[in-house]
Amino acid sequence: MPNNVTSPLSIEYAQIKRKRLALLLAMLVAMITSLMLDISTGPANIGFFELLQGLVDPDSLEMRYRIILWDVRLPDALIAISVGAALGLAGAETQTVLNNPLASPYTLGVSALAALGASLAIVIHPSIPELSDRVVLPMMALMFALLGGFLILAFTRMTDGSREHVILFGIALVFFANAMTAGLQYVASAEAVQEIVFWTIGNLTKAGWPEFFVVTLAFLIVFPFSLRHVWAMTLIRAGESHAVSSGLNVRRMRTWVILRISVLAAFAVCFVGTIGFIGLVGPHIARLLLGEDHRFLIPGSVLCGALLLSTASVLSKALLPGVIIPVGIVTAMIGVPVFLVLIIQQRHRL
Amino acid sequence: MSVLAIKDLNLSFGRKQVLFDISLPDLRSGDMVGLIGPNGAGKSTLLQALAGHLRYEGEVRVFGSSATQLSAARHREYMAFMPQSLIQKSSLLPYELLWSALRSTASISSQTDAEQRIDSLLETLGLSAVANQPLYTLSGGKRQLVGLALSLVRQPRLLLLDEPTSALDLHWRLIVLDYLKQEARQQRGAVILALHDLDLALSHCDRLVLMNQGRIVAAGVPREVLTQAHLARVYHVDANLVDTHSGDTLLHIKKALDT
């Protein structure tokens, strides 16, 4: 947009843009606040200012508090931000490219395949005990998730690449992966079934620094490509036929976006499990506050996703003193009512 | 200068052929051609084929070049197609939609020029007051005008418009058609538009192409096309053109005929 705005319409729009930028800034502040709260919440009783000082100067903390802050709370809190951001971004792009406000990154079946990969890793685990849970399980989940993305892309090329076909294939993939996972659970031991269920709920507490860096790197690689397409993605919101008629190659765009969504969703879930609702609700809230211009919607969805998961992480530790509830349960608990309220509020816009 | 030439165009959906041997005399700069015919005649399909959205057999030349050989950039520069469906409801603002269209599908040499172009287009189409209102708050007519603005904003020289005035009131139908005619002359381009309103086709189009069941029944100046025999055969109505004392020609529709 031009900096030297002159016409009344430009001036009016510049005001709208300023308001949106202020909202983005407010979201960023809320996200940082939530991150700080997340770091300061937990069973160990460490003072807030002590923690702040420990962040700047780790040696100022006692050894046990230093370990709690730097090896437990900080990576957990940061991975909540990076996973939430990845799911928020993937959700916004999914909803636009499938022209479906009820779609989420999980609609494509990538997460269901990740769950299948993880379940397989859990069930076959005893035969390769030398490899840690932190390597085999995420690798299997990641590979299966990426396989899901590859299958959808291959299917898109085999058909006319319409969004209806993509959604239908995604649903088929979800049913297939769920059936296979159920089959594995049927033959698995009780302990393995419990572990599978625990993984599919979604949980941040197993993540460490390497996991955080991997998810963040995946996000940072994909994000610039999403930003490159913001104008075209905005144009798609006029309706696919109008975007095509304006000269946009929507099918090629869709292929790129599906690739981005698959990578984001695969890396987001492989370490922490299939945390629900973030990729669905995050972009919805961003859209409600910022509108459809993807120059604002994309960063807004990233911030909303990160803020939601970070808040859920805080609540997962604060709801029951001394107990950490798996974050996937909390996201569903707050996600469902928020989602229903949004649907009722937005019924005229969907 | 020839803007568009169509020779022996045939199109099938699978095994079902829907367009048969479509050939038209060259469209010249400034021409406004109306595609008329009953529902299912093939008007929209022909426009979509010309826009490059459907595969066809035959020859279509745009500004002397084969349409299938045009690069995507050249295609966007030469022509725009406006589909029959309205712009979908969303919280997108018309103003940012036009910007996104320019930014994603055209090269902008000057920000100020682009800004003025968008402002002037919105003003002409009566959209200035709603330019920064979400699309879901706009009436069907306004959304159709936004769709038209989206087609016009790149200033293409060949406009393919599918029922561009179907949701508009009479005032805006006339404004839009006058504007399109003026644009075709100024841009040294041409307009082909599918129309159901035969009065408007008669009053605004230089030439008409009457289609039925995927074939051209008649093509030429309105007086040659809107004959009593053609209207009875294609539309199943008893109607004819009447010359008034003031020199105007009007379509007099009497009754529907048995099919």
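The values are calculated or read from the model by the stated rules, or taken from the named source; none is laboratory data. Computed from a predicted model, the values in this text were never measured in an experiment. Cβ placement follows ideal geometry from the backbone for every residue including glycine, while neighbour counts extend to all protein chains displayed.
Grab the strands (runs of 3 or more DSSP E) fully contained in region B:1-60, keeping just those with 2 or more residues being loosely packed, with under 15 Cβ neighbours inside 10 Å and in the same structural domain as B:ALA201 (by TED's automatic domain parsing).
Of the strands (runs of 3 or more DSSP E) lying wholly inside region B:1-60, those with at least 2 residues that are loosely packed, with under 15 Cβ neighbours inside 10 Å and in the same structural domain as B:ALA201 (by TED's automatic domain parsing) span B:2-13, B:16-28.
Which residues, taken from region B:76-89, are at the interface with chain A (Cβ under 7 Å from one of its Cβ atoms) and at pLDDT below 90?
The answer is B:ARG76, and nothing else.
Looking at B:LEU125, B:LEU98, which one is within 30 Å of A:PRO8 (Cβ to Cβ), within 17 Å of the chain's Cα centre (by Cα) and more than 9 Å from every other protein chain (Cβ to nearest Cβ)?
B:LEU125
Okay, residues lined up against (1) in contact (Cβ under 8 Å) with a residue 24 or more places away in the chain; (2) among the β-branched types (Val, Ile, Thr); (3) surrounded by 23 or more Cβ atoms within 10 Å (Cβ to Cβ):
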| position | (1), (2), (3) |
| --- | --- |
| B:LEU170 | no, no, no |
| B:LEU177 | yes, no, yes |
| B:GLN186 | no, no, no |
| B:ALA190 | yes, no, yes |
| B:ALA194 | yes, no, yes |
| B:ASP197 | yes, no, no |
| B:MET211 | yes, no, yes |
| B:ARG215 | yes, no, no |
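Any residue that is surrounded by fewer than 24 Cβ atoms within 10 Å (Cβ to Cβ) and within 12 Å of chain B (Cβ to nearest Cβ) - is there at least one of those in region A:254-273?
There is no residue in region A:254-273 that is surrounded by fewer than 24 Cβ atoms within 10 Å (Cβ to Cβ) and within 12 Å of chain B (Cβ to nearest Cβ).
Would you confirm whether or not region B:11-19 contains a residue that is closer than 21 Å to B:VAL176 by Cβ, modelled with pLDDT of 90 or more, out of contact with any Cys (no Cβ under 6 Å at 6 or more places or on another chain) and not charged (D, E, K, R)?
Checked against the condition, which is being closer than 21 Å to B:VAL176 by Cβ, modelled with pLDDT of 90 or more, out of contact with any Cys (no Cβ under 6 Å at 6 or more places or on another chain) and not charged (D, E, K, R), region B:11-19 yields no hits at all.
Looking only at strands (runs of 3 or more DSSP E) that fall completely inside region B:182-259, which ones have 2 or more residues that are closer than 20 Å to B:GLN84 by Cα and at pLDDT 95 or above?
Strands (runs of 3 or more DSSP E) meeting the threshold: B:190-194, B:207-212.
Could you tell me whether region B:165-175 includes any residue that is within 8 Å of chain A (Cβ to nearest Cβ), touching a helix residue (DSSP H, G or I) at 6+ places or on another chain (Cβ under 7 Å) and among the small types (Gly, Ala, Ser)?
No, the conditions are met nowhere in region B:165-175.
Just to confirm my filter: which helices (runs of 4 or more DSSP H) fall fully inside region A:222-333 and include at least 3 residues that are more than 30 Å from B:LEU98 (Cβ to Cβ) and polar (S, T, N, Q)?
Filter on region A:222-333 gives A:294-318.
Which one of the conditions (1) more than 9 Å from chain A (Cβ to nearest Cβ); (2) outside any loop (DSSP other than H, G, I, E, B); (3) not aromatic (Phe, Trp, Tyr) does B:SER104 fail to meet, given that it meets all the rest?
Against the list (1) more than 9 Å from chain A (Cβ to nearest Cβ); (2) outside any loop (DSSP other than H, G, I, E, B); (3) not aromatic (Phe, Trp, Tyr), B:SER104 comes up short only on (1).
Sort through A:GLY300, A:GLY328 and tell me the only one that's within 14 Å of another protein chain (Cβ to nearest Cβ) and among the small types (Gly, Ala, Ser).
From the options A:GLY300, A:GLY328, the qualifying one is A:GLY300.
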